[in-house]
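A short worksheet on the structure shown next.
The values are calculated or read from the model by the stated rules, or taken from the named source; none is laboratory data. Because the structure is a prediction, the values reported are computed rather than measured. Cβ sites come from the backbone with ideal geometry, for glycine too, and all protein chains shown count toward neighbours. Heavy atoms of the whole protein, side chains included, go into the accessibility calculation; ligands, DNA and RNA do not. Shrake-Rupley method; radii C 1.70, N 1.55, O 1.52, S 1.80 Å.
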Amino acid sequence: MKTLFITLLLYCLSATNAIASEAVVSHLDMTSSTLGFVALIVFIIGYGLVIAEEFIHLRKSKPVLLAAGLIWILVAILAKSKEHGKELVEHALNHNLLEYSALLLFLLTAMIYVNAMTERNVFEALRAWLIKRGYSYKKLFWISGFLAFFISPVADNLTTALLMGAVVLAVGSDKPKFVSLAFINIVVAANAGGAFSPFGDITTLMVWQSGNVEFFGFFALFIPALINFLIPAAIMSFAIPNETPKASDEKVMLKKGAISICLLFLCTIITAVTFEQFLHLPPFLGMMTGLSYLFLFSYYIKLTDKKSAEISTEFNIFSKVAKAEWDTLLFFFGVIFCVGGLGTIGYLADVSHLLYDGFGATNANIVAGILSAIVDNIPVMFAILTMNPEMNTFQWLLVTMTAGVGGSLLSVGSAAGVALMGQSKGMYSFFSHMKWSWAIALGYVASIYAHFLING
C-alpha cells in the first residue's frame, strides 16, 4: 500500500497540472472494428454488474477493474495497427493515471477525516441529540432533509446519507412508510446539496479540478439546488404521518479531540482552496497538506493520553486510512480507465459529435443528467470531461448540476441511494423510490429553469 501511495504521488507531483485541462484529441478511430465493439460490450457487461450490486451482492469495484484491464488489452492490440499507436496509448494511460491520482489523493484525505470524526463520535453525538429532542415525524422529515442538504457540501453525499439514515432508522423503525419517504428525501437532499459545492460530490470535484469552473463559481448553483430539494420534499411531506415517536434519553459523549478534528478539517478545506485560488497549485496538494494537520494532531493525542484509563481511547490515525472506502476508490479507478479506454478507441469523440454538435450543449447536458440516474454520474461526467466540448461556464455549471441531481431520479442513480437501500432493512427499495420519481423529476426541471433564470 505504501508503494502505491508513493508511486501515485510521484506521478502527480511530476506533472504540470493535477488534471489535464484538455481531452486527448487524438484517438485510434477504431469504433467500427470488431475489437472496438468487443470493448464496448465488455464495458456494458461490467457496468451492468455494478447496477445489479444490490441484488447480486458483488462489490462494484470488482467487475469494473476487470473490465478496465480487458478494455486496455483490446486498446493495445488495436494500437499495433496504427502509426504512432504506441505513443498514443502511452499518452492516454498517463492522462488517465494523472486524473485518477489527483482524485484518489483528494478523496482519501476527505475519507480519513470523516473516519476520524466518526471514531471520535461526532456523528453519533449529532444523531443522539436529534433523537432525544422528541420531534414529530414530519419535523424529522424536514430536519433530516435540511441537514443532509447542508452537510453534504462538506462531508460528501454518501457519508451524509448514511448519517441521516441512521437517525431516521433510530426514531422510525416501526414506521416503514416514514422511513421510505425520509430516505428518498435524504437522497434528493444530499445529491442536491453536493451539487453546489466543489467538495459535495465526485462530479463537482472533477469539474473543479479540471479548471472548467472556479471554486466560488459553484455557489451560483445554490438556489437551483435548493429548489431541486424543496419541490419533491414539499410534495412528499403530505404523506408523512402526523405522529410523534417516543423520545430517547440516549447520551453520546464526544471523545477527546473531536471538535479539534472538525476544525482541522475546515482548515484543510481552506488550505485546498488557497492552494488552487492563490498559489495555482492543484487542490489535492492542499488536501494532502491538510492531512498532515490530522497526523500531527493524532501524535499530540498520543502524547497526552498517558493515563491508564485512557488507553482504550487510543487514537490510531493509520487505522483511519485502512477504513477508507477502498471499494469506492477502486471503483473510480475502474470507471476512469474503462471510459478512458473507450475514449482512446474513439467512442467518446463520436458521442460528443452526436450530442453536443447535433443536439446542442443545453439539450446534451440535460440528457446527461437523466443518464446519470441509470449509469451513475461519475462515468457520465468523466466522459464529458474527456470529450471536453466547447462550453462556457454557464453550461459547465448546468451539466455539473444535472449530473449531480439527476442521480436522484432512481435509487440506483447515486451512491447515497444504493447505500440507503442496504441500510433500510427492506423499508426503502428501488420501487418505493420510483413511486415518487415524478415528484423528483419536477424538482429536476424546476432547478434547470431556475439556473437559466438566475445564472443565464
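Ranked highest first by average number of other Cβ atoms within 10 Å, how do 278-286, 202-210, 110-118 line up? If you can, show how the numbers build up before the last one.
Working: 278-286: 18.1, 202-210: 25.0, 110-118: 21.9.
Top of the packing list down: 202-210, 110-118, 278-286.
For the range 59-70, in order, what is each residue's ³J(HN,Hα) by Karplus, 6.51 cos²θ - 1.76 cosθ + 1.60 with θ = phi - 60°, in whole Hz (x at glycine and Pro)?
The phi angles translate into 3, 5, 5, 5, x, 6, 5, 5, 4, 4, x, 5 Hz.
Using a probe radius of 1.4 Å on heavy atoms only, what accessible surface per residue do you get for the chain? Whole Å² is fine.
Ligands and nucleic acids excluded, the result is 43 Å² per residue.
222 nm [θ] for the chain, helices only, -39500 (n - 2.57) per DSSP H run of 4+, per residue, to 500?
Theoretical 222 nm ellipticity from helices: -23500 deg cm²/dmol.
Would you calculate the separation in nanometres between label points at Ala125 and Leu40, each defined as 7 Å from the Cα along the Cα-to-beta-carbon direction?
5.5
Give the distance, in whole Å, between the Cα centre of the range 354-402 and the Cα centre of the range 162-187.
32
Quick one: with all protein chains in place, what share of the accessible area of the chain is carbon or sulfur, to the nearest percent (1.4 Å probe)?
About 66 percent, which is the carbon plus sulfur part of the accessible surface.
Compare the peptides 395-402, 87-94 by average per-residue count of other Cβ atoms within 10 angstrom and give them in order, highest first.
Result, highest mean Cβ count within 10 Å first: 395-402, 87-94.
Return the distance in nm (one decimal) between the two label points of a simple spin-label model at Ile454 and His57, each offset 7 Å from Cα along Cα→Cβ.
About 4.4 nm, to one decimal.
What percent do you get for the relative contact order of the chain when only Cα pairs under 8 Å and 6+ apart count?
In percent, rounded to a whole number, it is 24.
How far is helix 85-119 tilted, in degrees, relative to the longest principal axis of the Cα atoms in the chain, given as a value from 0 to 90 rounded to the nearest 10?
Compared with the principal axis, the helix lies near 0 degrees.
Nearest 10 degrees, 0 to 90: what angle lies between the long axis of helix 326-345 and the longest principal axis of the chain (Cα atoms)?
That works out to roughly 20 degrees.
Just to confirm the number: angle between the C-alpha axis of helix 2-14 and the first principal axis of the chain, 0 to 90 degrees, nearest 10?
Its long axis makes an angle of about 60 degrees.
Determine, from the Cβ-Cβ distance of Thr244 and Leu66 and an R0 of 60 Å, the FRET efficiency 1/(1 + (r/R0)^6), rounded to the nearest 0.05.
The pair Thr244/Leu66 has a calculated efficiency of 0.75.
Whole-Hz Karplus ³J(HN,Hα) for the range 36-41, in order, using 6.51 cos²θ - 1.76 cosθ + 1.60 and θ = phi - 60°, x for Gly and Pro?
Rounded to whole hertz, the list is x, 5, 4, 4, 5, 5.
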